Amino acid sequence: MYKMPGIFICRHPRHRRFDYQVSPYHVIKEKRCLDEGCLQFVWKCRIYAKDFRCPRGFKHVGKDCFTCRHYDEDKIWRKPEAIIGENELVEFWRKLDDYRLWLSLNLDRKISFSGKISSVFPLLYMKRRGVGFGARASGFLIGFDRGYIGYVLYDDKIYLRTGGEFIKRWNPMAGDSLEFRATLKADRGRLILIRPSEIEMESSDRTGSDNENTGNKIITLSQAVVGASTGVIVEDSCAPCRGCNYGAFVEFDTDQPQPAGRRRFFCLRGVKTAATCPIRLERILADRNLQVPDEK
């Protein structure tokens, strides 16, 4: 319910890469801007780009310009808007209240879970290194599109956080069925299962699992460590990257300054733009039984 798309939009420029859609969690719990909105300050210079040189030699407006007499700013007030009808919005609030009650009864408790794996990708954290940031691998996230918590169907995304030893022992991949007991946690709107025990797994058909073009590619711990050091944050829309074996979300440490949000999409292969990704192009050609031309 907290991550449901198509409920709210916000015209803030930071939401452009998501077509201005924002999650209910963002406007209700994180920014708490649903009722009062938020104020954005747009920095400006009265003489910049008017054939006048900056007296301080700066190339753009920044925080060092606040004491300059030529500094100016626009104050823009933005408020999230509901993009569904009034009756649908009332129903959404009702379901959200039910979800909050259910969550309060199960959070931080050991629960039984069973479901079919939909994805396996590294859990990455971005930390400041010198003047920039660097990613480090910190285990894995095993994703489920839905699953049973006890006897109740949880028809939404949920993740199991594990370490490298779990991956090495059980070798999980998309399509496998997994049953276990674990502690239920909440992480900025999404549900995370930690410390699994009493594990039972039923493997799916693994024919061709070593082919990079299949959807069941296994990412090992060593590949995750290498990918964390050589990969990059995807700069454009990450929508085409969904389902890619070499994509993962990277979390920025909340106690440090972070560029453009705390959670970004990360490519382990080092492809900066999803629109020109050669890995995705190769997969499309393979699906159409075409061959990639040899370079001469």
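A few points about this structure:
- For the range 57-93, the set of residues classified as touching a Cys at 6+ places or on another chain (Cβ under 9 Å) and modelled with pLDDT under 85 consists of His60 only.
- Whichever residue in the range 1-38 is in contact with a Pro (Cβ under 8 Å, 6 or more places away or on another chain) and more than 20 Å from Glu91 (Cβ to Cβ) and, among such residues, is modelled with the lowest pLDDT: Gly37
- Top-ranked residue of the range 233-256 - restricted to ones that are at pLDDT below 75 and among the small types (Gly, Ala, Ser), ranked as surrounded by the most Cβ atoms within 10 Å (Cβ to Cβ): Ser237
- For Thr230, the stated conditions do not hold, so it cannot be described as surrounded by 15 or more Cβ atoms within 10 Å (Cβ to Cβ) and at pLDDT 75 or above.
- Within the range 26-40, no residue that is closer than 18 Å to Lys75 by Cα sits with its Cβ atom under 8 Å from a residue that is among the small types (Gly, Ala, Ser) and not in a helix (DSSP H, G or I) at 6+ positions apart or across chains.
- Condition broken by Cys68, with the remaining ones in (1) of a type outside the set (Lys, Arg); (2) surrounded by 12 or more Cβ atoms within 10 Å (Cβ to Cβ); (3) part of a helix (DSSP H, G or I) satisfied: (3)
- Among the residues of the range 180-216, those identified as at pLDDT below 90 and in contact with a helix residue (DSSP H, G or I) (Cβ under 6 Å, 6 or more places away or on another chain) are Gly189, Asn213.
- Considering (1) within 25 Å of Ala186 (Cβ to Cβ); (2) at pLDDT below 85; (3) of a type outside the set (Asp, Glu), the lone condition that Ile47 does not fulfil carries the number (1).
- Picking from residues in the range 103-123 that are of a type in the set (Val, Ile, Thr) and within 24 Å of the chain's Cα centre (by Cα), the one that is farthest from Asp176 (Cα to Cα) is Val120.
- Flag if Arg169 is modelled with pLDDT under 90 and either assigned to a strand (DSSP E or B) or charged (D, E, K, R) (or both): yes
- Sole exception among (1) buried (at least 17 other Cβ atoms within 10 Å of the Cβ); (2) at pLDDT 90 or above; (3) not hydrophobic (A, V, I, L, M, F, W, C) for Ser177, by number: (1)
The values are calculated or read from the model by the stated rules, or taken from the named source; none is laboratory data. Predicted model only: the values in this text are computed from it and were never measured. Neighbour counts run over all protein chains shown; Cβ positions are idealised from the backbone, glycine included.
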